[in-house]
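The values are calculated or read from the model by the stated rules, or taken from the named source; none is laboratory data. Remember, predicted model here, so these are calculated numbers, not experimental data. Please note: Cβ atoms are built from the backbone with ideal geometry, for glycine as well, and neighbour counts cover all protein chains shown. Note: areas computed on protein heavy atoms with side chains; ligands, DNA, RNA excluded. Shrake-Rupley method; radii C 1.70, N 1.55, O 1.52, S 1.80 Å.
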Amino acid sequence: MKFALIQMPITKNKQENLQTARRYIAQAAAAGARVAVLPEMFCCPYSNSAFPVFAEEADGPLCAALAQTAKENALTLVAGSIPERCGDKLYNTSFVFDENGRQIARHRKIHLFDAHIDGGQHFRESAVLSPGCQPTIFTVDGIRIGLCICFDIRFPELFRAMALDGARAVIVPAAFNMTTGPLHWELSFRMRAVDNQLFTLGAAPARDTARSYVSYAHSIVCSPWGTPIADAGTEPNLLLVDIDFAEVDRVRQQLPLLSARRPDVYAAAFQS
């Protein structure tokens, strides 16, 4: 299955961002991609002040345009994430549309990015956004694929839950910054891949040092062995990767971690 990770530039103009995304999606479809993935908050600047201004409801014009784009290009679109308005709450939400333009999944970021790093990044998503509350898995051509957003990748139990529920890959729209990115970006994707013996795919915005929040970029794909097999660098890029899901079976047969786990022992240890 061919995946396209769209590492696009992001501006302060929602329509401009949408048109950029649509151009990349059309290029992905022309190249034979079955699944295209946009980055986190692809439609707006990554800032607490921007999220309420750019927010839309799930049935708003942005999602309608994304659904139509998926249908026009006959592929599954993991639409990065957008600030979703639901009643009096805002969520960091990733919508997934199939080749018929039908919404088949919605993931609301569970673990919000609240960080105050000495000498580095300060951010508090929870000042504006509300957290989601459930893991997300969808199916493309019979393959179960997990979905989470950025900071979710730091919680291994979430990935284990998706792996045990049949996920053979996990897609992560994300926007790591220049403090944590050099230290933890590749490491996180490799760890989650090797722990759960599945593919991990991360789509990030292109790097723009003129922005207040600078994306580390480096959209990435890691194999079930934990090996990085593709990296988009820092510039705007369409990263195309062919994934052979038989590799998941081969790795799990050679090193049967999931079937060898002993939850009874863990439970007994915590009870004692």
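Here are a few things to note about the model shown:
- Residues of type lysines that Lys14 reaches as a straight line, Cα spacing below 27 Å, ignoring anything fewer than 8 places off in the same chain: Lys71, Lys89, Lys109
- Region 38-114 - percent relative contact order, Cα under 8 Å, separation 6 or more: 29 percent
- Note: relative contact order over region 106-195, using C-alpha pairs below 8 Å and six or more positions apart, is 26 percent.
- Taking 0.36 nm per residue of separation and subtracting the Cα-Cα distance, full extension of the segment from Asp88 to Lys2 would add 27.1 nm.
- Normalised per residue, the accessible area of region 40-105 is 36 Å², obtained with a 1.4 Å probe and no contribution from ligands, DNA or RNA.
- Residue with peak Gaussian network fluctuation, the chain [Cα springs, cutoff 10 Å], from Cys150, Cys44, Cys133: Cys133
- Short-range pairs are left out: with C-alpha atoms under 8 Å and at least six residues apart, the relative contact order of region 180-245 is 30 percent.
- Annotation for region 1-48: trypsin sites (Lys or Arg not before Pro) lying in DSSP loop with at most 16 further Cβ atoms inside 10 Å of their Cβ are Lys12.
- Carbon and sulfur %, accessible surface of region 135-182 computed with the full protein complex present, 1.4 Å: 56 percent
- Highest-MSF residue in the chain out of Arg190, Arg211, Arg261 [GNM, Cα springs under 10 Å]: Arg261
- Point-to-point label distance, Ala269-Cys133, nm (Cα→Cβ direction, 7 Å offset): 3.1 nm
- Rounded to whole Hz, the Karplus (6.51, -1.76, 1.60) HN-Hα couplings of region 201-216, x for glycine and proline: 10, x, 10, 10, x, 5, 7, 9, 6, 7, 7, 5, 10, 9, 6, 5
- Restricting region 93-178 to trypsin sites (Lys or Arg not before Pro) in coil, as DSSP defines it, with at most 13 other Cβ within 10 Å: Arg102
- The chymotrypsin sites (Phe, Trp or Tyr not before Pro) found in region 84-137 include none that occupy coil by DSSP while having at most 13 further C-beta atoms within 10 Å.
- Extension gain, Arg211-Asp165: 0.36 nm per intervening residue step, less the Cα-Cα distance, totals 12.7 nm.
- Structure-derived semi-axes √(5λ) of the Cα gyration tensor in Å: which label, when the choices are (1) 28, 22, 18; (2) 35, 24, 17; (3) 33, 20, 17: (1)
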